[in-house]
Number of protein chains: 4
Amino acid sequence: MALDTRERVRRAAVKLFAAKGFHGTGIRELAQESRLSTASLYHYMGSKEDLLADIMRTCLRTLLDSAAAAVEGVTDPARRLTTLVKLHVKTHARMPKETWIVDNEIHVLTPAMRRSVVSLRDEYERLWDDAVSAGVARGVFDTAHPGVTRIALLEMCNGVARWYSPRGSLSLDDLAEHYADMALRALGACPCGSAEGQSRGE
Amino acid sequence: MALDTRERVRRAAVKLFAAKGFHGTGIRELAQESRLSTASLYHYMGSKEDLLADIMRTCLRTLLDSAAAAVEGVTDPARRLTTLVKLHVKTHARMPKETWIVDNEIHVLTPAMRRSVVSLRDEYERLWDDAVSAGVARGVFDTAHPGVTRIALLEMCNGVARWYSPRGSLSLDDLAEHYADMALRALGACPCGSAEGQSRGE
Amino acid sequence: MALDTRERVRRAAVKLFAAKGFHGTGIRELAQESRLSTASLYHYMGSKEDLLADIMRTCLRTLLDSAAAAVEGVTDPARRLTTLVKLHVKTHARMPKETWIVDNEIHVLTPAMRRSVVSLRDEYERLWDDAVSAGVARGVFDTAHPGVTRIALLEMCNGVARWYSPRGSLSLDDLAEHYADMALRALGACPCGSAEGQSRGE
Amino acid sequence: MALDTRERVRRAAVKLFAAKGFHGTGIRELAQESRLSTASLYHYMGSKEDLLADIMRTCLRTLLDSAAAAVEGVTDPARRLTTLVKLHVKTHARMPKETWIVDNEIHVLTPAMRRSVVSLRDEYERLWDDAVSAGVARGVFDTAHPGVTRIALLEMCNGVARWYSPRGSLSLDDLAEHYADMALRALGACPCGSAEGQSRGE
DNA sequence: AATGAATGAGAATTCATTCAT
DNA sequence: TATGAATGAATTCTCATTCAT
């Protein structure tokens, strides 16, 4: 029961933070959306900032763990990157609110809390970095500025959370495929091309 | 003189809105940063939201006008897109605060003001859309989902405002070049490739 | 307990609004007079305007209900009017602040709230109108302009709230009697005269 | 020219003070309505309170002087009262805004200014008092509480400013006549009655 | 587990007024 | 005569948070 309530609070926060931003969301709205009194809210969330950090950490943890698992044992850099891109895109399409919050509200966090969130994000981005670096090292990727490319691709994929709608004509799989394709092309890995066909099993 | 003060206010706002968000910025901070009393502030800015909308409109207007001018008379779709990407990237690198605000704080605007800003943004994005569509129509670009690709590239370029530092190792020209390169690749226009070499004069 | 506080707030407001007008009364004064912080004040009153409208509606409701009850079953127009005048005068003498507020601060209300208050007032005035009209119809009253007379008498009675003091030499009953007498005279009902004598039992 | 401007300011103030009250009217509205900058406003009005007191004094002065003149040499108490009532009613009908301000905004004045206004008002009311007292002394009026009657009649007449419209069916003369009639009746002077017919010459 | 009551601090905005020009 | 610029103080109202119950 307590768990349900806690979950209700979290969902209310995700909805509101994503819609109006952290500072744009008041405790009262949060309480109302959670069907709780403001006082009760504090029983579940600690402070408003705790709640935000919690949401961010959970989302990043999920992304990080599933990415690490998906990539485990995959040695081919192109496949690794494809896997990462698809997972990233799908996660952003499926949880646009949570991911939007992670991607855009980090700056409101107090330094201490920011550190814990940023370190998770850095850990996640290291997976991308490793894949790109490996691909470059093996000559599979051809890009003048691997670091820049990596961050550019990440931002490109983050954007999905801003606009993708499951009601649109594009399926989640096709979306992920397309982004993976763009990423490989941007990395100069397109000629070896057959990536698209092979990645179906994911 | 009045102009100077007004400009001071605008710069203070740009700095603070970009650093802490619209809702995270108080008018007291704004006044302090502008070296004005809060009351005097209102002599120059109308409301806080007016100030925000003003910054956004000015920034978009600049981007839109210079993009339209840069693209005028350029018929080759690849060159048009290259031009747009470079301008976009450079603007985001040079005015990261203004562009960050435009890209991230639209949701705080009141419906009426939002409309005026969004319509400017839409007008700008149409330039991208036209270039992409033209390229696809002429078979210069090869992409399964032109609309998605366009938005993905835009988001990729927007990201520049978040991380680029002129103190880094990459020059503005190189940065723009690299992004243009990635964009063309993502659009499947890489084979014609010599774009990089030709665009030097820009 | 909560009720006590709410009542304290209401009384503070009645006192201050009557003394300095709605716009002349600040919420700080209101809070101080209520022995509450300004923030706590809002726990009880909604907005300042809500508080005002509340006071007005309560006062009018009281007046309306007691007038309707007092007049119920009274068929003689002269007696009906006498009853209304006396009740009106006594209410204004006993609750000079509330009635003064109703009579003088309606114009500060927002249209929506104004409507709700005005409709109550209209309903109340209809009681007067009915009595006057009935008297005229039966030839008991003799006045060239019944509508004007009715409003003139109402204003005359409203005035009581401005000056009557229970510390003066006139008792409430005598005051009411005197006003009823003036009203009947103004309506040309004096000749039947014995009204004064008969109304003693009230 | 200066006079015109000064007059414009005064009229703007009369309009706004009557519509929204003194405290409900801001300096900026006043300036806008006067087609002046707020700074220029101060050139003409002194302080906001000065302006208010000025309006009140002028209005009362006018009323007082014309009443004194109209009543001069009139010895018959009934005629004197009739004259006062008619003048009062007509003034309130013709200058509803000014008279409303005088009748309702005295309480916002600072003690010192209030005194000067109140003393004018008292002087004016003395004319009424004299007429009533004289009538009572001579047995022309028959009222149990002359003082109360006088104030009741005054309030009744003040009310005209609240509702009379020249666009209505009642002419100013008829209106004044009717009020004078009601006043005499309330004072028990109706039997001698012919007052109505005789007062035509006024 | 839940909440009504309470609050200090702060929110954005307007106040009446002054002054240099 | 006129005003743009400036402001300290006040405005109404909301903030996130605590606490006694």
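Filtered by the rule that a residue be surrounded by 16 or more Cβ atoms within 10 Å (Cβ to Cβ) and part of a helix (DSSP H, G or I), the stretch A:134-145 gives A:134, A:135, A:136.
Here's the yes/no breakdown for (1) at pLDDT 95 or above; (2) away from DNA strand F (no atom under 16 Å from the Cβ); (3) under 10 Å from the mean Cα position of the chain (by Cα); (4) surrounded by fewer than 19 Cβ atoms within 10 Å (Cβ to Cβ):
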{"residue": "D:59", "(1), (2), (3), (4)": "yes, yes, yes, no"}
{"residue": "D:65", "(1), (2), (3), (4)": "yes, yes, no, yes"}
{"residue": "D:69", "(1), (2), (3), (4)": "yes, yes, no, yes"}
{"residue": "D:86", "(1), (2), (3), (4)": "yes, yes, no, no"}
{"residue": "D:92", "(1), (2), (3), (4)": "yes, yes, yes, no"}
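Checking every residue in the stretch C:105-118 against the condition of being among the acidic types (Asp, Glu) and closer than 29 Å to residue D:108 by Cα gives at least one match. Would you say residue C:74 is within 23 Å of residue C:149 (Cα to Cα), within 14 Å of chain D (Cβ to nearest Cβ) and more than 16 Å from DNA strand E (Cβ to nearest atom)? No: the conditions fail for residue C:74.
Scanning the stretch A:114-133 turns up at least one residue that is within 14 Å of chain B (Cβ to nearest Cβ), surrounded by fewer than 22 Cβ atoms within 10 Å (Cβ to Cβ) and in contact (Cβ under 8 Å) with a residue 60 or more places away in the chain.
Put simply, of B:18, B:69 the only residue that is more than 12 Å from DNA strand E (Cβ to nearest atom) and free of Cβ contacts under 8 Å to residues at least 40 places away in the same chain is B:69. The requirement of being closer than 23 Å to residue C:158 by Cα and of a type outside the set (A, V, I, L, M) is not satisfied by residue D:79.
Per-residue answers, yes or no, for (1) within 14 Å of chain A (Cβ to nearest Cβ); (2) surrounded by 14 or more Cβ atoms within 10 Å (Cβ to Cβ); (3) within 14 Å of DNA strand E (Cβ to nearest atom):
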{"position": "B:49", "(1), (2), (3)": "yes, yes, yes"}
{"position": "B:82", "(1), (2), (3)": "no, yes, no"}
{"position": "B:96", "(1), (2), (3)": "yes, yes, no"}
{"position": "B:105", "(1), (2), (3)": "yes, yes, yes"}
{"position": "B:111", "(1), (2), (3)": "yes, no, no"}
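Taking the stretch C:1-46 as the range and being away from DNA strand F (no atom under 13 Å from the Cβ), surrounded by 15 or more Cβ atoms within 10 Å (Cβ to Cβ) and within 14 Å of chain D (Cβ to nearest Cβ) as the test, the residues that pass are C:15, C:18. Out of all the residues in the stretch B:153-165, is one or more in a loop (DSSP other than H, G, I, E, B), under 26 Å from residue B:95 (Cα atoms), more than 8 Å from chain A (Cβ to nearest Cβ) and free of Cβ contacts under 8 Å to residues at least 60 places away in the same chain? Yes, the stretch B:153-165 contains at least one residue that is in a loop (DSSP other than H, G, I, E, B), under 26 Å from residue B:95 (Cα atoms), more than 8 Å from chain A (Cβ to nearest Cβ) and free of Cβ contacts under 8 Å to residues at least 60 places away in the same chain. Inclusion of residue C:153 among residues that are surrounded by fewer than 22 Cβ atoms within 10 Å (Cβ to Cβ) and in contact with a helix residue (DSSP H, G or I) (Cβ under 7 Å, 6 or more places away or on another chain) is not warranted.
The values are calculated or read from the model by the stated rules, or taken from the named source; none is laboratory data. Keep in mind it's a predicted model, so treat the numbers as computed, not measured. Glycine also receives a Cβ, built like all others from the backbone with ideal geometry; neighbour counts cover every protein chain displayed.
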